[in-house]
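S.K.: Pasting a structure below so you can have a look.
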Amino acid sequence: MCSIAAPEVFGSDELGHATVLIVGDLPVELHAKTRRAQANCPEDAIIIEE
Amino acid sequence: MTTLEENAGPVNDPTTDFNIFDPEFVRDPYPTMEEIRESQCPIAHSGRWGGSWFPTRYDDVVAIAQEHDIFTSRDIIVVPRSAAAAEGPYAGVAAPPITSDPPDHHWHRRLILPVFAPQAVAKYEQSTRDLCNQLIDKFIAKGEADAGTDYAQQIPVRVIATMLGVPTEMADEFTGWVRGVLEVGLTDPKVRLESRLKILKFFQAQLDDRKKNPRENDLITDLLNSGDKYPVTDQYVLGVCNLMLVAGIDTTWSAIGSSLWHLAQHPEHREQLRANPDLWPTAIEELLRAYSPVTMARIVDRDTEFQGCPMKAGDRILMSFPAANRDPRQFEQPDEVILDREHNRHVAFGSGIHRCAGSNLARLELRVSLQVWLERIPEFSLIDPAAVTWAGGQVHGPRVCRVRF
């Protein structure tokens, strides 16, 4: 789900498990998409540190 | 207590006597779900169909899904199996990993995940698009069609057959067998057992063939050859094939059918999707939320109390993902379809360790089938809303759904 909402930030490994593609701080233009991914993660597994 | 006659009769209070196969509930379950959810007993109990609990609130459904140690998946069908199914040929064949509990669940799931990863299912997009176009070619000149039997029903069965490396020409037979297990057979144990045996006999022959003639890039061959990493048996591979056919067809077919049924009645949503293709990702999630097809069962492992309900070892719990997804505590305006819904943590695919392994494939099939339909048939409406027929109980969705365009 997160890789659909924010494909620049989240990918998936060969099992389909989500991975984070960006190391370090997120560019400002990706903040909204990343929040959307967080709000829609079915397992509530995304934590955004600010 | 496994036939329609034994379980018929009016329902006076759904919190103590709900009937998942009541014709009105099958057609439109949401008012009953709401009545239970807002009552003093949001986890209803009924003695019908062998007895079951029915949680209707989002938080309760998610909590039960997370507690897989107490609420096991040793049986996931919404009604008890007949004694005859527990004996005879293939008695030990289940549907791993959905019927597996830890610790085996881990490798049962691990082995099939790679074929369902987003990058792995992407290769089915073009063939699914071609299939949808071919189906529409057959009826577009007529100006009307059955969006259920002529379209929705025809798509997932062929995608799954392709994945399993079995003949797509057998689509109608596969569909009949799956309906026998998940739809007709739930209220007719004889049909259920016969259909199950047909599926397992067919796949046993496929396994025997792959052992003699291994194939390249073939799921069944690859699973049979995974014995070096995991304790793979014929029973496991047979169970995975059983699962992919049974869980991969009726479910997605129902989601496609419900979405077309919705779009047939909502020109403003068709217009929104045409005007703004960026809406597709949230629209797909919203349609999955509002018309979640699947209800799965759990079996209580040991006596426990959950939210004040005294659950006994062996009790059945119906995990109503459709009811959870309409809970106003979790979703604003839950009965409205809002294609750009911002917050949508829906559980159409379940939650926890048994979350649907095929969700990426289901999403792809749903998106492509709706996109192709709207490209070719931008304007359409139901011919007779009252004539639409529905399946329910385990998988909810329209079956006959005639539209004019």
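Derivation of every value follows stated rules applied to the coordinates shown; laboratory data play no part. Since this is a predicted model, take the numbers as computed values, not measurements. Because the Cβ atoms are built from the backbone with ideal geometry, glycine has one as well, and the counts that use them run over all protein chains shown.
S.K.: Of B:Arg210, B:Arg363, B:Arg158, which is the most mobile in a GNM of chain B whose springs link Cα atoms less than 10 angstrom apart?
M.R.: Result for chain B, Cα springs under 10 Å: B:Arg210 fluctuates most.
S.K.: Let me ask something else about it. Within chain B, count lysine pairs with alpha carbon atoms under 20 angstrom apart where the residues are 8 or more positions apart or belong to different chains.
M.R.: The number of close lysine pairs in chain B is 5.
S.K.: Further question: Stokes-Einstein diffusion coefficient for region B:257-405 at 10 °C in a medium of 1.306 mPa s, Rh from the Kirkwood formula over Cα pairs: what value in µm²/s?
M.R.: Estimated via Stokes-Einstein, D reaches 93 µm²/s.
S.K.: If I take every Cα pair under 8 Å that is 6 or more residues apart in chain A, average their sequence separation and divide by the length, what percent do I get for the relative contact order?
M.R.: Over chain A, the number comes to 38 percent.
S.K.: Next question, about the same structure. Grab the beta carbon distance between B:Met170 and B:Asp59, set R0 = 45 Å, and tell me the FRET efficiency rounded to 0.05.
M.R.: That pair, B:Met170 with B:Asp59, gives E of 0.55.
S.K.: Quickly work out the A:Cys41-to-B:Lys190 label distance, labels modelled 7 Å from Cα along the C-beta direction, and quote it in nm with one decimal.
M.R.: It works out to 5.2 nm between the two label points.
S.K.: Region B:281-344: which GluC sites (Glu not before Pro) are DSSP loop and have at most 12 other beta-carbon atoms within 10 angstrom?
M.R.: Here the GluC sites (Glu not before Pro) that fit, given the DSSP loop and packing criteria, are B:Glu332, B:Glu336, B:Glu342.
S.K.: Here's another thing I want to ask about it. Report relative contact order for region B:18-404 in percent, whole number only (criteria: Cα-Cα under 8 Å, sequence separation at least 6).
M.R.: Values: 606 pairs, mean separation 107.4, N = 387.
Computed over region B:18-404, the figure is 28 percent.
S.K.: Per the helix-only calculation at 222 nm, which mean residue ellipticity applies to the protein assembly as shown, given -39500 (n - 2.57) for every DSSP H run of n ≥ 4 and division by its residues, nearest 500 deg cm²/dmol?
M.R.: My calculation for the protein assembly as shown gives -13000 deg cm²/dmol from helical runs alone.
S.K.: What would the Debye formula give as log10 I(q)/I(0) at q = 0.11 Å⁻¹ for the alpha-carbon point model of the protein assembly as shown, no solvent?
M.R.: -0.90
S.K.: Moving to a separate point now. Compute, for the protein assembly as shown, the length of the dipole vector about the Cα centre, with Cβ point charges of +1 (Lys, Arg) and -1 (Asp, Glu) only. Units Debye, rounded to 20.
M.R.: Taking the Cα centre of the protein assembly as shown as origin, the dipole is about 1060 debye.
S.K.: Moving on to the next point. Translational diffusion coefficient of chain B at 20 °C, 1.002 mPa s, Stokes-Einstein with Kirkwood Rh over Cα pairs, in µm²/s as a whole number.
M.R.: 99
S.K.: So what is Rg over Rh here for region B:201-344, counting just Cα atoms and using Kirkwood for Rh? Walk me through the numbers on the way to the answer.
M.R.: Numbers: Rg = 21.3 Å, Rh = 19.2 Å.
When Rh is taken as the Kirkwood radius, the ratio is 1.11.
S.K.: Now, a different point. Could you give the C-alpha radius of gyration of chain A expressed as a fraction of 2.2 N^0.38 Å, taking N as the number of residues it contains?
M.R.: Working: Rg = 10.2 Å, N = 50, 2.2 N^0.38 = 9.7 Å.
For chain A, the normalised Cα radius of gyration comes out at 1.05.
S.K.: Filter the GluC sites (Glu not before Pro) in region B:344-405 to those in DSSP coil with at most 15 other Cβ atoms within 10 Å of their Cβ, and list the result.
M.R.: B:Glu379
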